[in-house]
Amino acid sequence: MKAGYVVVPLRLVLLLIVLVGVVAGPEGVDLTEEQHLNLPDFSDPEVAKRLKCSACRASAVEMHEALAGLRKKRGKAKIKEYEYTEVMDAVCDGPVRTGYGIQLKNNLPTNKFSKDDLISRAKGNWGSRYLSGICGDIYRDHEDDLMEHQREPLLDYVGLICKDAVKLCDAQTLEDKALGDERGFEYDSNGTGGQAPALNVEVEL
């Protein structure tokens, strides 16, 4: 270790950043102290595992949707390689980076990402960077798998990518129906069963 440097646990760094940098967005409110203290702890292997799987699932969902949209747009015309590249390049910095946030349950952060407007979420720079980073790694390292399986049904595609190819999910995390980041999954994150849009908090991390 170099003189003058101090090693600080990642969770403490994140907490300090949150305490001085919380911003309420147009549809958000400040996180409470209790929510600050319950932010995901990356030093816990199980927490890191669930976050990585959730981020992979979100990435796979958006990639599957983007590829399906391109095929629909082009119809019977042959899709050129650059068209695939343009569409896939936009996924990680588009819907994955901007559409997802940490899911809140009982008003506290969980270890899962969601884009569903019916689920309360904490959204901010840290989560966005984390999601887009994992998404970029998947695209860079597993492009062939992403293309090969693109016509599979959505949930099969997510399993083939995140469990079999990328190996960020196992059978348990892949089947977590509380994530709310795949269409068709049933969940009730707030325990109310209501369908009103949830309040999302905007967090600068």
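Any read-out appearing in this document is the output of simple, stated calculations on the displayed coordinates, not a laboratory observation. Quick caveat, the model's predicted, so the values are computed rather than measured. Every residue, glycine as well, gets a Cβ built from its backbone with ideal geometry; the counts of neighbours run over all protein chains shown.
Some points to look at:
- The lone criterion from (1) out of contact with any Asp or Glu (no Cβ under 9 Å at 6 or more places or on another chain); (2) surrounded by 15 or more Cβ atoms within 10 Å (Cβ to Cβ); (3) hydrophobic (A, V, I, L, M, F, W, C) left unmet by A90 is number (2).
- Test: V47 is touching a residue at least 12 places away in the same chain (Cβ under 8 Å) and either over 18 Å from C169 (Cα atoms) or in a loop (DSSP other than H, G, I, E, B) (or both): no
- Test: residue in region 135-143 that is under 20 Å from P40 (Cβ atoms), among the acidic types (D, E) and touching a Lys or Arg at 6+ places or on another chain (Cβ under 8 Å): no
- For region 127-142, a residue qualifies if it is within 11 Å of the chain's Cα centre (by Cα) and surrounded by fewer than 20 Cβ atoms within 10 Å (Cβ to Cβ), and the qualifying residues are S128, R129, G133.
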